[in-house]
């Protein structure tokens with residue numbers, strides 16, 4: 001970490017690319033992704049970890065980027081929806097199952113489901129799916145379509 005005025009220059013590995021960014025010690029990873037790197041799929045919803053709209057994947061597990069300081073993300077592998085590049089079975093399953101309405105929460109759900117798929121390569125028990133989906137909120141659609149998308153992603 002190199003000091004730059006009152007900020008530190010850190011290196012972030014995001015979607016397979018290395019980015020050097022100058023951050024304050026209190027900068028949230030969510031804000032750095034959106035404001036400095038232009039990666040806007042992670043959304044600021046509640047900014048206190050309740051809604052999951054800002055969910056990304058860090059080292060293979062879902063993480064709410066509004067609860068992660070940017071400096072904490074250095075030396076970790078970060079994946080955002082932009083890194084899926086439209087090629088993930090999760091994205092196709094969400095489209096095929098109509099598992100979205102306004103779309104604000106969709107990127108967070110996509111990341112939770114992508115991590116679920118990598119952690120559980122075979123369709124997990126229903127209670128595991130429910131546990132993973134509990135971390136995110138949707139105010140527009142029923143969770144039925146989202147659950148259907150999870151099952152569908154394992155069929156593709």
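Derivation of every value follows stated rules applied to the coordinates shown; laboratory data play no part. None of the values given here were measured: they were computed from a predicted structure. Cβ: placed from backbone, ideal geometry, glycine included. Neighbour counts: every protein chain shown.
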quick note, the chain, DSSP beta bridge pairs, % antiparallel (nearest 5) is 90 percent
PRE zone check, label point 7 Å out along Cα-to-Cβ of residue 139, amide N under 15 Å, scope region 26-46, hits 43-46
Sorted on mean Cβ neighbours within 10 Å (highest first), peptides 101-113, 129-141 come out as 101-113, 129-141
Here the Cα Rg-to-2.2 N^0.38 Å ratio for region 1-71 is 1.07
Summing -39500 (n - 2.57) over every DSSP H run of at least 4 in the chain, dividing by its residue total and rounding to the nearest 500, the 222 nm mean residue ellipticity is -8500 deg cm²/dmol
Longest principal axis of the chain (C-alpha) makes with the long axis of helix 106-119 (C-alpha) an angle, in degrees to the nearest 10, of 80 degrees
Rounded to the nearest 10 degrees, the helix 143-155 long axis (Cα) sits at an angle to the longest Cα principal axis of the chain of 90 degrees
Mean separation of Cα contacts under 8 Å (at least 6 apart) over the residue count of the chain, i.e. the relative contact order in percent, is 23 percent
Taking a ≥ b ≥ c as the square roots of the Cα gyration tensor eigenvalues, with a/c under 1.5 meaning rounded and otherwise prolate when a/b beats b/c or oblate if not, region 66-108 comes out oblate
Per residue, the convex hull enclosing the alpha carbons of the chain has a volume in Å³ of 99 Å³
Kirkwood calc, region 84-155, C-alpha pairs only, radius in angstrom 11.9 Å
